[in-house]
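The values are calculated or read from the model by the stated rules, or taken from the named source; none is laboratory data. All values reported here derive from a predicted model rather than from experimental measurement. Cβ sites come from the backbone with ideal geometry, for glycine too, and all protein chains shown count toward neighbours. Ligands, DNA and RNA are stripped out before the accessible areas are found, and what is left, the full protein with its side chains, is counted by its heavy atoms. Shrake-Rupley method; radii C 1.70, N 1.55, O 1.52, S 1.80 Å.
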Amino acid sequence: MQLPVPDPTIVTRRREIVQTLREIVPDGVIAEEAAMRVYDSDGLSALRQMPLVVVLPRTTDQVARVLSACRRDGVNIVPRGAGTSLSGGSTPLGDAVTLGMSRFNRILDIDLDNRCATVQPGVTNLAISWAVEADGFYYAPDPSSQIACSIGGNVAENAGGVHCLKYGLTANNLLGLEMVLMTGEVIRLGGRHLDQPGYDLMGVITGSEGLLGIITEVTVRLLRRPETARAVLMGFDDARQAGACVAAIIAAGIIPAGLEMMDGPAIRAAEDFVHAGYPVTADALLICELDGPAVEVDTLIARVESLARANGATTLRTSTTEDERLLFWAGRKAAFPAAGRISPDYLCMDGTIPRRRLPEVLERMQGLSRQHGLRVANVFHAGDGNLHPLILFDANRPGELERAEAFGADILRLCVEVGGVLTGEHGVGLEKRDLMPVMFGPEDIRQQQRIKCAFDPDHRLNPGKVYPTLHRCAELGKLHVSGGHLPFPDLPRF
Amino acid sequence: MDWLTPTDETAAAEAIRWAAARREPLEIRGQGTKAAVGTPVKAAFGLSLTGLRGITAYDPAELVLTAAAGTPVAEIRTALSDAGQHLPFEPCDLSGLLGSEGEGTLGGLVSAGLSGARRPFAGACRDHVLGVRGIGGSGLPFRAGGQVVKNVTGFDLSKLLCGAWGTLAVLTEISLKVLPAPEAQATLILDGLEEERALSLLRQALRSPADVSGAVHLSGGDTALRLEGPPESVRWRTQGLRDLLGLPCRTLDTDASRDWWDRWQRLEPLQADPDRHIWKLSLVPTQAAAVARLLRQADPALRAAFDWGGGLLWLATSPGLDGAHLRQAIPPGSGHATLIRAPAAVRAAGGVFPPDSPAVTALCRRLKDSFDPAGLFNPGRMA
């Protein structure tokens, strides 16, 4: 993918733009090339671009003034949390201000009686759980970057994690927001109570990938940490049996805290790396975690074990200690770095499919692997159908990155073809932007872009992300009416 | 009123294009069971979605059910129950309060965004709407979201349409996340607790590891805590919760427990006096008792029922207690109140839905314009 050529009329005004930002945030403007370099990409590091300038505001008022100034001066903005997006959500633009929220790093209020916490958006996901750990609480969504990713970024991307089948994505754990609109207005939505009145603005803002506004405060719900958690490790000689076992667990009425699958290449890469005791000859591995009171976990573990046997598991182990449970997970959690050990580079894809189509999708993915001449390893949030194929390639070999991208696009097309979606948790960003028409028709996309126009009519926020073509808002707003004749000549009336 | 009654999405879109060409406002309806909620709509024509009916896809192992918007909720409940599954958000049934027949349609349920007792623990209606098909004010069908349980592709329009009372777009098809119904349940009932004390106990239970899935206090009546799950787990947690509360209480086993929560789901404790106004208040749980106490000074006959451990307060008020006065009892930023039942003349005067800041109100108007630029759908209903 090519990044756009920066608009020279903006670049020539750089000095005055920097000056304007310095007046608003005197100690928070980064304009020197060496210092800006850390901002030249996000987690999708194949795409690199120096920002026009970086501004790090400290207060909501500063954010509002930055947005107002950019609106007045016709300058675009790329919002950025911790910069861990895997889809290029905060990839800089050469003619846009990167607005980093890292200085909003304070926990403002912990309210255990109402089971919620109010924090600034730059607080990391894991820091929220740490702050309430001693009281037996935690914040449920756990993206694998949780030690680094910020809660504001989690809201922007509607981040998930391995436990979201049972505990939901960010959207389902969010109670309130403060946000600055492109008009410079500050709005508050929700709070420590549930359900906002009127339209569900918080619902559409969550996962909007920095296109609608800048989040300046977040209230999340806290959950009581489960008393116990245990995991079952199951190996299968055939991925189809593993798929059938997943369906059987759900059909038996069990919603595990986590239900993960790895295919043969992923098992072997992970085992070589962390020695978790995975069955290296297996075609598929399942990790099923149950949590809750010990008596409940014991009951459900017994049922899962019996379903594993009935579906032909050739390896079956259940954790008896916390160390063992963590060891079962160690391989899965290290799957990405493990892929990094067996290949110089990899692309991590993120589609969701209806689970029943899994065997077919894995088989066709092997076909695509041969066609593109690149290896693929699969890790899979099996409980909710979220696939993470890791495409292995070497960027130093001419053409391999492009082949890997083409392979990835084919996988996502396959996901949509079988009734799934382009992205389960990583977001569209730049990475999947041009595939949006594979999943959505023209009117579907136009309706989404009309929402963008209601928030940001000049397309100042994160332009070029998520939607493949920009339409002028006036054009999108036209009311197209054809005909005008009465439908149903024999209209039933009552 | 003249009703347009399409039987598929194409005909519904054609009906909307006809209305758009004439700038003819439409009242959008399923079975009309919740038509008495909101500011009364002034429209000469109605668009009924009851002709779009039927479950189009349901594979229990996928945890997804897709149905046409006009499908009766009862039909969906039956299909789920046959597969041992349920609607996790436990939508409350307003028909008893509103004097309507049946629970209405899926489209109506989602448009009203109804959730029930399990909402704080399992999520709201909007958390379970995975995707929709709908038609905007220009008569063009669109889809949003997907039919899988995990999806972040594009803006989540489904959530915007949930709870929009048919003012943004006409829903034609909805995909819901569904879950296995718990095998067993039990409810602890404590009698005759004073309000403040009862709410404090509910919060204590919610902070405990008991994994409560229902926490209700009916003023002057039952205080109820529900536990759900495998039978072994329910038994264990019930004992733990009894020990924690340390008060005499009755335990309802699975069947009796289901009956209790079914009655609550129909809001039976609020149905006694049909002349009272019914209000629904979403509150910071620790402030709920104070809000009720304050309002009782103005309306001593007030009947109160707390759900969500205090996060939801249902009130049956004397017609003399006006909405502005009621809303003043809620500390700023601590919640909001919606009028669920009142005579049409009262609702026509406005104030059914809570007011919001000028910036949010203006943003909502722009969002309305983005879906329905000519203002055809349910004009004024959320005013």
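Note on A:440-453: average number of Cβ atoms from other chains within 10 Å of each residue's Cβ is 6. Separation of the stretch B:322-363 and the stretch A:440-473, taken as the distance between their Cα centroids, equals 32 angstrom. Computed over chain A, the alpha-carbon pair-distance distribution with 20 angstrom bins reads 22, 52, 24, 2, each value a whole percent. Heavy-atom accessible area buried between chains A and B is around 8000 Å² (1.4 Å probe, both sides summed). Which value, in Å² rounded to 10, gives the accessible area of A:LYS465 with a 1.4 Å probe and all protein chains present? Roll a 1.4 Å probe over it and A:LYS465 shows about 10 Å².
Basic side chains Lys and Arg get +1 at the Cβ, acidic Asp and Glu get -1 at the Cβ, and with that the dipole of the protein assembly as shown about its Cα centre reaches some 1580 debye. List the trypsin sites (Lys or Arg not before Pro) in the stretch B:34-112 that DSSP assigns to loop (not H, G, I, E or B) and whose Cβ has at most 15 other Cβ atoms within 10 Å. Which are they? Hits after loop and neighbour filter: B:LYS42. Placing dummy labels 7 Å off each Cα toward the beta-carbon, the span from A:VAL38 to B:ARG250 is 6.4 nm.
Cross-link list B:LYS42/B:LYS150; A:LYS465/B:LYS34; B:LYS150/B:LYS368; A:LYS465/B:LYS42: which exceed 31 angstrom alpha carbon to alpha carbon?
Distance filter (> 31 Å) returns B:LYS42/B:LYS150; A:LYS465/B:LYS34; A:LYS465/B:LYS42.
At a threshold of 50 Å², the residues of the stretch A:190-217 that become less accessible to a 1.4 Å probe in the full protein assembly than in their chain on its own are A:ARG192, A:HIS193, A:LEU194, A:ASP195, A:PRO197, A:TYR199, A:ASP200, A:LEU201, A:VAL204. R0 = 22 Å: FRET efficiency of B:SER208 with A:LEU326, Cβ-based, nearest 0.05? With R0 = 22 Å, the Cβ-Cβ based efficiency is 0.25. Across B:LEU94, B:LEU244, B:LEU199, mean-square fluctuation computed from a Gaussian network of chain B (C-alpha pairs under 10 Å connected) peaks at B:LEU244. Return the tail of the calculated pair distribution for the stretch B:48-180, meaning the percent of Cα-Cα pairs more than 19 Å apart. Roughly 45 percent, once rounded to a whole number. Distance from the alpha carbon centroid of the stretch A:75-117 to that of the stretch B:262-287 works out to 40 angstrom. Reported to the nearest whole Å, the Cα centre-to-centre distance from the stretch A:286-302 to the stretch B:1-16 is 50.
Distances between placed amide hydrogens fall under 5 Å for B:GLN85 paired with B:ALA181, all partners being 5 or more residues away or on another chain. For the stretch B:48-180, a crude dipole built from +1 on the beta carbon of Lys and Arg and -1 on the beta carbon of Asp and Glu, taken about the Cα centre, is about 360 debye to the nearest 20. Normalised by residue number, the volume inside the convex hull of the Cα atoms of chain B is 135 Å³ per residue. In this structure A:MET179 has an accessible area near 0 Å², from a 1.4 Å probe over the protein heavy atoms. The residues of the protein assembly as shown have, on average, 35 Å² of accessible surface per residue, using a 1.4 Å probe with all protein chains present. B:SER318 contributes about 30 Å² of solvent-accessible surface, heavy atoms of the protein only, 1.4 Å probe. Here the protein assembly as shown has 51 percent of its accessible surface on carbon and sulfur atoms, given a 1.4 Å probe and all protein chains in place. Coordinate range of the alpha-carbon atoms in the stretch A:107-224 per principal axis, descending: 41, 29, 24 Å. Dimensions of the stretch A:229-334 along the principal axes, based on C-alpha atoms and rounded to the nearest Å, stand at 35, 29, 17, largest first. Remark: mean inter-chain Cβ contacts per residue of A:245-258 equal 3, using a 10 Å Cβ-Cβ cutoff to other protein chain atoms.
Overall form of the stretch A:54-173: prolate. Here a/c, set by the Cα gyration tensor axes a ≥ b ≥ c, is 1.5 or more, and a/b is the larger of a/b and b/c. Across the stretch A:343-427 the C-alpha pair distances fall into 5 Å bins from zero in the proportions 3, 16, 29, 25, 16, 7, 3, 1 percent. Is the stretch A:236-278 rounded, prolate or oblate when judged by the Cα gyration tensor, a ≥ b ≥ c being the square roots of its eigenvalues, rounded requiring a/c under 1.5 and prolate requiring a/b larger than b/c? It is oblate, given that a/c is not under 1.5 and a/b is not larger than b/c. Taken residue by residue and averaged, Cβ atoms of other chains lying within 10 Å of the Cβ of B:9-22 number 4. What's the Kirkwood radius of the protein assembly as shown in Å, using all Cα pairs? Over the protein assembly as shown, the inverse of the mean reciprocal pair distance is 28.1 Å.
Using the Cβ-Cβ distance between A:SER102 and A:TRP130 with R0 = 25 Å, the FRET efficiency computed as 1/(1 + (r/R0)^6) comes to roughly 0.90. Rounded to the nearest whole Hz, the Karplus-based 3J(HN,Hα) values (6.51 cos²θ - 1.76 cosθ + 1.60, θ = phi - 60°) of the stretch A:309-322 follow the sequence 4, 4, 9, x, 4, 9, 10, 8, 9, 10, 5, 10, 10, 5, with x at glycine and proline. Of all beta bridges that DSSP places with both ends in the protein assembly as shown, some 85 percent have antiparallel geometry.
With Cα atoms as the point set, the radius of gyration and Dmax of the stretch B:184-265 evaluate to 11.5, 33 Å.
Highest GNM mean-square fluctuation among B:GLU24, B:GLU103, B:GLU62, for chain B modelled with Cα contacts below 10 Å: B:GLU62. A straight Cα-to-Cα reach below 17 Å connects A:LYS333 with the aspartates and glutamates A:ASP142, A:GLU260, A:ASP263, A:GLU271, A:ASP272, A:GLU289, A:GLU322, A:ASP323, A:GLU324, A:ASP350, A:GLU425, residues fewer than 8 places away in its own chain not being considered.
If you sort the three axes of the alpha carbon gyration tensor as a ≥ b ≥ c, you get a/c of 1.5 or more for the stretch A:333-372 and a/b no higher than b/c, which makes it oblate. In this simple spin-label approximation, B:GLN328 and A:LEU112 carry label points 7 Å from Cα along the Cα→Cβ vector, and these lie 3.8 nm apart.
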